[in-house]
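Q: This is the structure I have questions about; it appears just below.
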C-alpha cells in the first residue's frame, strides 16, 4: 500500500509537476523584457551667453544696411566668415562622391527638384532662403563676407525677416511695405544668440511655397507641439531645439537631407544620444542591424498639417475669363489647384513608404538625359545584401513635370519674376517662354518642344518621432500584407513562406488526419463486428 | 499478466516536458509563421526563443541519459518484422490479432516506431535545433558570416515543423492502439505496463 502511494506520488512528480515546472520557468524567461535606457542630455537652451551684446558700442550705431551689421559682427567674431562661406548653407552645393559617378558638386544651386523644378533663375523668390544678402542674379559676390546674413540665423527678437521677392534681402527704405518693414538693426544686433527653432524653421518649414509642402515631417507645428507630434520638440516634453541634435562645430551643422546631398558623411544618428542598444532588449535591439530607428518610431508623418504628396504641373496655366490665375481648395482647405502650379494632392497623418537606404544617393543632374519613367529626381542606394543599408521610412513625392521631348531632359523653368512681361510662367502663363528663359539662365539647351513626364523624389523621414506607446507593433511589418509588403528582396518572418513547403506541409497534416479518422472508423466497425 | 516497469523516472519526465515544449513551440512557431494568431506576435517570438532554449537543454540531458544508460539502442531500427508490423496496422488490428512484435522492457518500440523515432532523433530534432538557433543568432547577412539571408534556414525550419505536427497527430492517435485504449498512456504516466507473458502486447 505504502509502495503504491509512493509510486503515485513519483508518477505525479515526474509526469506532471516537474514538466510543468519547466514550462513555467520557460514562460518566466520569455516574459523578461528589458527596460529602455533613459537619456540625459544638456540642452542648448540652457546655454548662457558669456557676453551681453547690448553692451558693445559697435552694435549701438544706426546701421544703414544689413551688410554693415555683418561687418560689425565680424569685427569681433573673426574668422567666422570663412567658416560660414565653406558650408552648403552658403554655397548651396557641396562636393560629394556619388557611387558610380565620382565626385560631383551638387546642391540647391544646380539640382532640379520635384516641386518648383529648380531655384536657379528664380532667385528673387527662391534665394530668399539663402543665408546671404541679395543673391538676385549671377552677379552676387560669394567672396564678399559682407554678403553673409548673420541675423537670419542668430536673431532672438523674432523681428528680423527677409523680404519676399528680394533674393534674401530684408526690406530697405525703398522696398518696405505693410508686410515687411526695415528691421530695427541695433535692437536685433544687440539681441543675438544661438539659433532657435524658428530661426531654422523660417526656411526649413516653408520650402516649396508653404508650410510642410516639402518635408512632411518638418513644419511650423513643431514650434509648439505635444509629445504625440514630436517627443523631442514637444512643449510638454524636453522642448528640444533643432541644434540640440544638429550639433554644430564652427558653423558646420551636422545633418543633411538627401534631396540635395549624396554621401554618407556628416550625418546625425539617433545613437548619438540613445546608444546602439537603446531598448536593453535583445529581440528589439537586434533590429538595429537592419532597421533604422525612424522606421518603427515614426509610424506616421505630417501629424499636424498636411504635406504635398503629388504635384501635376501639366494642368497649370488655366486662367479665368479675365486671363488671371485662380485657385481651388480641397475639403481640408488645402489648394488642390493653382493656375501657377497645377494640381496637388495633400494628405496628413501619412504612412511612410519603406526602402533600403545606405546613406548614399544619386541625383538627376542637370546634364543627365531621361533614362526611365517615372524620372527619379533622386534615388536612394541600398538593398538587403548591403550590410550598411537599413530599412528607412520615406516620403515619396510624385508628380508630373515639364521636359524637353527632343533633348530628353527635364526643364529648368523660369517661374518667378517681379512683374508681368518678363516671361515668368507665374506671371505670363506661357510654357514655351518660361522654359526657354529658364534653360538659358541655366546654360542648358532647349529644343522648343516640351511635354510633361512623371517624376518622383525620395525624402527619408527623420522628425516627428512618436511616443514609445505609438511605436509600430511587430505585425505592422511581420504579417502577410504589412508595411513592408513591397520590400521583397529578403525573407521576413511572418510575411514570407515557401509555397511548396506550406502546401506540402498542410497537405501532410490533412492526410494524417484523414488516415487517423479512417483508421479509427475501421476499429469501431471491427469492434462491433467482433463482439 | 505482469506489471513491468518500462519507463524510468527520467524517461517520463523527458517525455512530458518534451510534449509541453513541442506543443508550445508548434503554437508559437506557427503564429510567427503567420498561420494564425495566438499569443500575439511579440509574445510568441519571446516564448518560442525561451522554449527553444529549454528544448535544447532537455535534449542535452536526454542524450546524456541515453549514452549513460545505453537506452539509445532502443531507437536503432531493425530489419525484422517491419512488414508484419505494417500488416498489423493495416489489417490485423481490425481482426483482433495480437501485436506481431512483443513489447518488453528491453525492446519497448516496435520496428515502425524505431524507424520513426530514429528519424526524429537523427533528422528532425537536429535540423530544428540547428536551423532554430541559426534563426536566433545569424538572422542578418555578414554577421558573423554570410548566410545569404534567412530564407533557406526558415524554410527548412518550417519543413521540420510540419513533420513534427504530423508526428504529434499520428502519435496522439496511435497511443490508443495498445493492449487497451489507455494502457500506453498509463505506462508513460506511471512507468508500469501490464505485459503478458504469452500474448504479445501493445505498443506506442
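A short reminder: the numbers here are calculations on the coordinates, not readings from a lab. Just so you know, these numbers come straight off a predicted model, no measurement behind them. Here the Cβ positions follow ideal geometry from the backbone for every residue, glycine too, while neighbour counts run over all protein chains shown.
Q: Which whole-number value in Å³ per residue fits the convex hull of the alpha carbons of the stretch A:332-385?
A: Cα-based convex hull of the stretch A:332-385, divided per residue, equals 151 Å³.
Q: For chain B, what does the helix formula give at 222 nm: sum of -39500 (n - 2.57) over DSSP H segments with n ≥ 4, over the residue count, nearest 500 deg cm²/dmol?
A: One gets -19000 deg cm²/dmol as the mean residue ellipticity at 222 nm.
Q: Okay, next question. Can you put B:190, B:182, A:367 in order of Cβ neighbours within 10 angstrom, beginning with the fewest?
A: A:367, B:182, B:190
Q: Based on the inverse mean of 1/r over its pairs of different Cα atoms, what is the Kirkwood hydrodynamic radius of the stretch A:408-519, in Å?
A: One decimal place: 20.7 Å for the Kirkwood radius.
Q: Send over the per residue convex hull volume for the stretch A:458-531, Cα only, as a whole number of Å³. The partial results should precede the final answer.
A: On the way: hull volume 9.9 nm³, N = 74.
Roughly 134 Å³ of hull volume per residue.
Q: Return the average number of partner chain Cβ atoms within 10 angstrom of each residue Cβ along peptide B:155-161. Intermediate values should be presented prior to the final figure.
A: Values: counts 7, 2, 2, 5, 7, 1, 2.
Counting other chains' Cβ atoms within 10 Å and averaging over B:155-161 gives 4.
Q: For peptide B:44-54, what's the mean number of Cβ atoms from other chains within 10 Å of each residue's Cβ?
A: 5
Q: Continuing with this model, one more query. Report for the protein assembly as shown the percent antiparallel among DSSP-assigned beta bridges with both residues inside it, nearest 5. Let's see the in-between values first.
A: Working: 46 of 52 bridges.
The antiparallel proportion sits near 90 percent.
Q: Where does each of A:504-512, A:448-456 land if you order them by average Cβ count within 10 Å, highest first?
A: Details: A:504-512: 14.6, A:448-456: 16.3.
By packing density, highest mean first, the sequence is A:448-456, A:504-512.
Q: To continue, here is another question. Which angle from 0 to 90°, rounded to the nearest 10, does the C-alpha axis of helix A:431-441 make with the longest principal axis of chain A?
A: 80 degrees
Q: Can you give the Rg to Rh ratio of the stretch A:370-457, both from alpha-carbon atoms, with Rh computed by the Kirkwood formula?
A: 1.13
Q: Where does each of A:103, A:457 land when they are ranked from fewest to most other beta-carbon atoms within 10 angstrom?
A: Ranked by crowding around the Cβ, least crowded first: A:103, A:457.
Q: Where does each of B:185, A:413, B:21 land when they are ranked from fewest to most other beta-carbon atoms within 10 angstrom?
A: B:185, B:21, A:413
Q: Inverting the mean 1/r over all pairs of different Cα atoms, compute the Kirkwood radius of the stretch A:243-356 and quote it in Å. Write down the numbers at each step before the final one.
A: Numbers: mean 1/r = 0.0553 Å⁻¹.
Kirkwood radius, the stretch A:243-356: 18.1 Å.
Q: How far is the Cα center of the stretch A:1-72 from the Cα center of the stretch B:54-86, in Å?
A: Centre-to-centre distance over Cα atoms comes out at 48 Å.
Q: Now for a different question. Length gain on complete extension for the stretch residue A:173 to residue A:39, per 0.36 nm per residue less the alpha carbon to alpha carbon distance?
A: Numbers: separation 134, 0.36 × 134 = 48.24 nm, distance 4.97 nm.
Net length gain for the segment: 43.3 nm.
Q: Could you order the peptides A:305-318, A:342-355 from most to least packed, using the average number of other C-beta atoms within 10 Å per residue?
A: In descending order of packing, they fall as A:305-318, A:342-355.
Q: Report, as an integer, the average count of C-beta atoms from other chains found within 10 Å of each Cβ along B:165-178.
A: Mean shielding count: 3.
Q: Using only Cα atoms, find the angle between the long axis of helix A:66-76 and the longest principal axis of chain A, and express it within 0 to 90 degrees, rounded to the nearest 10.
A: Taking Cα atoms only, the helix is inclined about 70 degrees.
Q: Please work out the C-alpha center-to-center distance from the stretch A:323-344 to the stretch B:148-186 and express it in whole Å.
A: That distance is 65 Å.
Q: Under Stokes-Einstein, with the Kirkwood radius over Cα pairs standing in for Rh, what whole-number D in µm²/s applies to the stretch A:21-74 at 4 °C and 1.567 mPa s?
A: It comes out at roughly 75 µm²/s.
Q: Along Cα→Cβ, 7 Å out, is where each label goes; now give me the distance between the ones at residue A:223 and residue B:130 in nm to one decimal.
A: Output for this residue pair reads 6.4 nm.
Q: Hey, another quick one. Would you mind getting me the FRET efficiency between residue B:106 and residue A:142? Use the beta-carbon distance for r and R0 = 56 Å, nearest 0.05.
A: 0.05
Q: With the crude spin-label approximation of a point 7 Å out along Cα→Cβ, what separation in nm comes out for residue A:509 versus residue A:336?
A: Here the modelled spin labels are 4.7 nm apart.
Q: While we're on this one: So if the hydrodynamic radius of chain A is defined as the Kirkwood radius over C-alpha pairs, what does Stokes-Einstein give as its diffusion coefficient at 10 °C and 1.306 mPa s, in µm² per second?
A: 58 µm²/s
Q: Rounding to the nearest 10 and keeping the result within 0 to 90°, find how far the Cα-based axis of helix A:499-530 lies from the longest principal axis of chain A.
A: 20 degrees
Q: Across the stretch B:29-89, how large is the tail of the calculated P(r) beyond 14 Å, expressed as a percent of all Cα pairs?
A: Within the stretch B:29-89, distances greater than 14 Å cover 72 percent of Cα pairs.
Q: Roughly speaking, what is the centre-to-centre gap between the stretch A:453-483 and the stretch A:347-419 when only Cα atoms are used, to the nearest Å?
A: Their Cα centres are 19 Å away from one another.
Q: Could you give log10 I(q)/I(0) at q = 0.09, 0.15, 0.16 Å⁻¹ for chain B, computed by the Debye formula over C-alpha point scatterers of equal weight, without solvent?
A: -0.42, -1.01, -1.10
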